[in-house]
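FYI, it's all coordinate maths here, none of it is from the lab. Model, not experiment: these values are computed from the prediction. So basically every Cβ, Gly included, is an ideal-geometry build from the backbone, and we count neighbours across all protein chains shown.
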Amino acid sequence: MTFTQSVLLAVVLAPGAVFALFSIFWLLGWNAPERTLTRVTASVFSISSIATAWLAWSMHAGGLDAIVVPLGDWFTVHDYHFPLVLLGDRLSLPFLAMTVILAGLIGQFSATYMHRDPGFARFYILLHLFAFGAMLIFSAGSFDLLIAGWELVGLTSVFLISFFTYRPGPVESALRVFVVYRACDCGLIAAAFVMHHLAYTSSFATGMPHLTGGDATVAGLLLLLSAAGKSAQVPFSGWLPRAMEGPTPSSAIFYGGISVHAGAYLLLRAQPILAESPIAAAAVVVIGLLTAVQGTIVGRSCADAKTSLAYAALAQVGVVFMEIGFGWTWIPVLHIVGHAMVRTLQFLRAPSMLHDYHQVHAAAGGHVRKTGEHLDSMLPLRSRLWLYRLAIDRGHLDTLMERGFVQPLVRVSLFLGALDRLGLSPAGNSNEPEPARATANDSATASKMGAIDV
Amino acid sequence: MSELIFPFVSAAIGIPALAAAAAAVGSDRRSRIAGLAGSSGAALCALETLREVHAAGGARLSEPWALGLFTADPLNATFLLLYSLLTMGILILAPRRDTSAKISAATLLVLAATLAAYGADNLLVLAAAWILSALPFILGPFTGTWRPRAGLGLSCVAILGALGVIAGAARDAGAVNPFSLAELQGHNFGGSAAFALLIIAIVCRKGIFPAHAWIEDAAEAGPVLPMCLFINGHLGAFLLARVVIPGFPLSAQGAFPILSDLALFTAIYAAVRAVAESRARRILALLVLSQSACILAGLESATQEGITGALVHCIVVAVATTGLFSVLRLMEVRFGRLFTSDHYLGLAEYTPRLAVFFVVCGLALVGLPGTLGFCSQDLLIHGTLLSHPQIGLLLPLATAMNAVSLFRLFSKLFLGTHRTGIHGISDAIPRERWVLSAIAIFIVAAGVMPSAVLALRRNAAQALNAPSPAHSASIARSR
């Protein structure tokens with residue numbers, strides 16, 4: 001392995017190693033002090049940022065198109081191989097750099113923001129797991145490995161949304177997000193298997209698996225399903241405002257910076273497949289357009305700062321999807337990097353947004369108008385009211401999902417449950433607790449149960 | 001056939017049987033010690049068996065004595081060790097009220113009988129062990145509602161019927177030893193009738209639709225830890241791998257598409273059922289059902305990847321569900337009653353480590369990365385996609401729904417509210433922490449480096465997938 005390859009490997013593995021170390025220490029009963037966590041985080045991401053810059057420079061200086069790190073097969077069974085290969089090319093390096101820089105900044109910002117929070121250590125441990133997952137996504141040389149990172153990012157996102165565990169709201173939102181993630185992840189898993197099945201590989205380290213015609217359309221649409229779920233595109237955009245329940249720094253890095261752009265990265269990576277399928281490419285454009293319109297309209301009716309920022313981010317990511325659908329490469333990359341940086345800053349400033357707004361308002365002499373306000377007057381009142389109702393219900397998407405998918409599924413589940421209970425006595429001995437075995441401890445626990453209503 | 005240097009399989013069965021007898025006549029106070037002695041003795045013998053099987057290059061090893069009732073090969077050697085260790089773990093972490101003399105003796109009896117079924121080289125022994133392992137759940141002390149008794153009773157009757165039909169047909173065909181599994185290979189003794197009876201036994205024991213409801217009932221109304229141990233024996237899948245696939249190649253070939261569809265239906269049915277279920281034990285039972293059905297789908301895929309995935313998934317399901325049921329039981333004991341997911345309970349505040357163990361085991365069960373479940377599901381889906389594309393594409397859907405149900409249960413149990421006025425509830429105490437840590441470390445370490453576990457199952461998968469000479473001959477005869 002060359003030095004360059006080793007550096008790429010180290011950059012990817014570093015946050016994973018930190019996560020593993022702190023998790024094991026915690027399980028063993030050692031709670032790391034705040035200072036240790038923040039210093040380790042700052043060191044890891046600072047060194048990683050320098051290393052990533054060095055990688056970019058060495059690629060440029062050496063005229064390299066890509067750094068490929070073949071690590072063999074993770075496991076092999078018969079003809080099936082799970083290739084462990086990392087890829088640092090001109091597409092992945094900007095994303096890797098963005099991840100280490102933003103994760104480092106968020107780590108530094110959170111040292112103050114999360115100070116003395118009971119979940120301080122949990123936040124940092126999850127931040128490292130997230131960074132590891134994101135690095136795996138952006139440096140994976142095969143769809144199999146990309147799935148691993150994809151799932152880790154989703155999982156971390158859900159745990160951070162439910163960070164404030166003592167309120168039901170964040171936990172319910174986390175569950176909703178988890179449902180969307182898992183449903184859409186099926187697309188990526190199925191796409192990887194379709195590639196194995198049709199092209200006998202899911203590795204793209206030495207070029208994307210060659211698919212044409214209907215095969216490319218199937219693979220492209222499956223990837224689009226997954227990308228739309230991760231990037232909160234229509235019709236899955238309802239989860240993004242719910243995800244704002246987490247701490248502001250995590251909202252910033254996930255939904256302003258990295259996670260929300262992971263879907264766009266996936267489509268950029270899969271552009272050779274999209275290029276073979278006009279249907280899939282058109283679907284990407286249409287979904288991006290619908291999301292951009294929805295984000296713009298709904299964002300204008302949001303009452304809180306983080307939700308309106310979330311919809312603003314959605315609108316931009318929608319535009320990025322359109323750019324990808326048109327077959328462009330560098331414009332979406334530049335758009336993503338610029339957008340991620342600006343949006344992360346805006347999210348971090350969100351708690352002070354009113355203060356900032358008042359300052360700007362005062363500086364402009366009280367003449368700050370909402371962007372696009374002049375367009376409102378061009379529409380008839382009836383249309384404006386209709387649009388307002390649409391915006392207030394966030395495009396009716398959640399309602400449609402609830403009525404079209406969730407409620408029927410729950411009804412079927414309840415019906416099957418009733419079927420399963422046929423034949424049980426009405427007394428329902430199946431839900432009867434175990435016969436009590438009186439012990440000295442039972443009276444003590446029973447008295448505690450008086451306070452806990454389960 | 002090569003031999004083991006000592007009858008380790010018989011010893012692995014005999015030690016827990018003796019310990020069961022000792023526990024039955026001993027006091028409640030000593031029963032945990034008897035249980036630990038029995039299960040650890042079995043684990044040591046199983047470990048040596050596994051070592052010798054691998055030293056012999058995955059060959060089948062007989063025991064060095066005349067009876068030749070038991071054998072060791074790559075398929076059963078891993079199961080012998082895994083099951084002994086799981087029993088040992090459960091006996092260590094079980095709350096005191098779950099380790100009375102009667103319960104410990106019955107648990108050890110289930111261990112001895114299950115190991116006998118794994119090690120059996122003889123259909124008569126296998127059937128006897130099958131029935132013996134189910135007896136504590138049919139006659140006591142682990143009895144619950146009527147459905148577990150009926151389901152298990154039917155499976156016992158079916159295997160006895162199959163035994164009779166096979167023995168009769170084998171004797172008519174002039175077989176020297178009509179019960180020997182080696183002699184059954186590829187001969188289709190008993191034809192469709194025997195095959196159908198064996199399938200009924202498997203469907204009832206594994207809880208495949210429509211015989212699935214007893215597992216939910218047993219998990220909820222019975223003692224949950226012995227029940228978890230019983231389900232995790234996966235004797236249904238083992239019977240399929242040991243007897244049905246090698247013994248009835250022609251019937252199996254014809255019936256596998258139907259069985260695969262039935263397994264897939266069960267996986268999705270249980271996953272959908274779990275979505276709106278509110279009782280914690282039932283949710284976990286449904287998840288076990290769903291994931292166990294995936295094992296059958298993998299075994300029936302007739303591909304190397306699918307079979308290896310299924311055999312590894314057996315390990316994942318066994319270890320992960322042991323962790324999940326154990327955490328649930330420990331929580332029930334701490335808080336004094338059964339849980340439902342109707343309200344947020346916020347218990348992570350009091351038991352953070354138990355919450356983490358629950359998450360790790362849950363993630364492994366639903367195949368999220370960083371755990372062995374990811375690897376096994378990857379192989380399972382890939383293998384089934386090769387043979388039955390509709391199943392390969394639908395299995396991720398079932399797994400996704402399972403993941404959602406599991407996260408819902410986790411969040412309801414451990415998150416969502418801030419409780420006050422609860423004092424004296426301890427997080428995992430050391431003996432619980434050791435066992436749960438071992439489970440978590442195994443799941444994660446094997447997930448990061450799955451090659452070692454795959455190597456343990458590769459020979460078994462190859463043996464299952466490769467047609468035996470008798471199988472090839474029977475296919476040639478049929479043509």
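Here the extension length gained between A:Met341 and A:Leu71 equals 94.0 nm, from 0.36 nm per residue of separation less the Cα-Cα distance.
Against the main long axis of the alpha-carbon atoms of chain B, helix B:451-465 sits at an angle near 40°.
Taken over chain A, the ratio of Cα radius of gyration to 2.2 N^0.38 Å equals 1.08. Summed over qualifying helices (DSSP H, 4 residues or more, each -39500 (n - 2.57)) and divided by its residue number, chain A shows a 222 nm mean residue ellipticity of -22500 deg cm²/dmol.
State the answer as a single residue: which of A:Gly187, A:Ile297, A:Ala243 lies farthest towards the positive end of the charge dipole of chain A, with beta carbon charges of +1 for Lys and Arg and -1 for Asp and Glu, about the Cα centre. About the Cα centre, the residue reaching furthest to the positive side is A:Ile297. Near B:Thr340, the amide H atoms lying under 5 Å from its own belong to B:Ala280; only residues 5 or more places off or on other chains count, and H is placed 1.01 Å from N.
So which chymotrypsin sites (Phe, Trp or Tyr not before Pro) in the range A:167-275 are both in a DSSP loop and have at most 16 other Cβ atoms within 10 Å of their Cβ? Within the range A:167-275, the qualifying chymotrypsin sites (Phe, Trp or Tyr not before Pro) (loop, at most 16 other Cβ atoms within 10 Å) are A:Tyr200. Legend: mean number of C-beta atoms from other chains within 10 angstrom of residue C-beta atoms, peptide A:110-119, equals 0.
Counting only Cβ charges, +1 for Lys and Arg and -1 for Asp and Glu, the dipole size of the range B:183-309 around its Cα centre is about 220 debye.
If you plug the beta carbon distance of A:Arg369 and B:Asp261 into 1/(1 + (r/R0)^6) with R0 = 45 Å, you get a FRET efficiency near 0.10. With respect to chain B, whose longest principal axis is taken over its alpha-carbon atoms, helix B:249-275 is tilted by about 10°. Relative to a virtual label point 7 Å from the Cα of B:Arg419 in the Cα→beta-carbon direction, which members of the range B:284-318 show backbone nitrogen distances below 20 Å? Under cut-off, by backbone N: B:284. Please give the net charge around A:Ala275, taking every other residue with its beta carbon less than 15 angstrom from that of A:Ala275, where Lys and Arg add +1 and Asp and Glu add -1. With Lys, Arg at +1 and Asp, Glu at -1, the net is -2.
Rg over Rh for the range B:1-119 works out to 1.03, using Cα positions for both radii and the Kirkwood form for Rh.
Sorting A:399-408, B:286-295, B:359-368 by average packing, meaning the other beta carbons within 10 Å per residue, from highest down gives B:286-295, B:359-368, A:399-408. For chain B, the longest principal axis of the C-alpha atoms and the axis of helix B:372-387 are separated by about 40°. The range B:209-232 and the range B:60-108 have Cα centres spaced 19 Å apart.
Cross-link partners of A:Lys230 among lysines, defined as those whose alpha carbon lies under 23 angstrom from its own and excluding same-chain residues fewer than eight positions apart: A:Lys306. Using a Förster distance of 51 angstrom, determine the FRET efficiency expected from the C-beta separation of A:Thr212 and B:Ala452, and round it to 0.05. For A:Thr212 and B:Ala452, the calculated efficiency is 0.80. Using Cβ point charges alone (K and R +1, D and E -1), the dipole size of the range B:1-119 about the Cα centre works out to roughly 580 debye. Computed from label points 7 Å out along Cα-Cβ, the spacing between B:Ile33 and B:Trp65 is 2.8 nm. Using the Stokes-Einstein relation with a Kirkwood hydrodynamic radius computed over Cα pairs, the translational diffusion coefficient of chain B at 25 °C and a viscosity of 0.890 mPa s comes to 110 µm²/s. Net charge in the neighbourhood of B:Ala310 (other residues with Cβ under 14 Å of its Cβ; Lys, Arg +1, Asp, Glu -1) is +1. Distance from the Cα centroid of the range B:368-393 to that of the range B:335-365 is 28 Å (rounded to whole angstrom).
Residues in the range B:95-111 carry Karplus couplings, in order, of x, 4, 5, 9, 10, 5, 4, 5, 5, 5, 4, 5, 4, 5, 5, 4, 4 Hz; the curve used is 6.51 cos²θ - 1.76 cosθ + 1.60 with θ = phi - 60°, and Gly or Pro positions show x. Averaged over its residues, how many other protein chain Cβ atoms are within 10 Å of peptide B:408-420's Cβ atoms? Average neighbour count from other chains, rounded to a whole number: 5. Long hydrophobic helices in chain A: the complete DSSP H runs spanning 24 Å or more by Cα along their own axis with mean Kyte-Doolittle hydropathy of at least 1.6 are A:3-27, A:120-139, A:143-161, A:278-299.
Taking trypsin sites (Lys or Arg not before Pro) across the range A:30-125, the ones in a DSSP loop with at most 12 further Cβ atoms lying within 10 angstrom of their Cβ are A:Arg116.
For the protein assembly as shown, a simple Cβ point-charge model (Lys and Arg +1, Asp and Glu -1, everything else neutral) yields a dipole of about 1720 debye relative to the Cα centre. For A:Val85, the amide hydrogen comes within under 5 Å of the amide hydrogens of A:Leu71, A:Gly141, A:Ser142, counting only partners 5 or more places away or on other chains and with H modelled in the peptide plane. Counting Lys and Arg as +1 and Asp and Glu as -1 over every other residue whose Cβ lies under 9 Å from the Cβ of B:Ser341, the net charge comes to +1. Along the range B:327-336 the Karplus relation, 6.51 cos²θ - 1.76 cosθ + 1.60 evaluated at θ = phi - 60°, assigns HN-Hα couplings of 4, 4, 5, 5, 5, 4, 5, 5, 9, x Hz to successive residues, with x for each Gly and Pro. Remark: mean inter-chain Cβ contacts per residue of B:335-343 equal 5, using a 10 Å Cβ-Cβ cutoff to other protein chain atoms.
Estimated from the Cβ-Cβ distance and a Förster radius of 35 angstrom, the FRET efficiency linking A:Asp393 and B:Ser278 is about 0.75.
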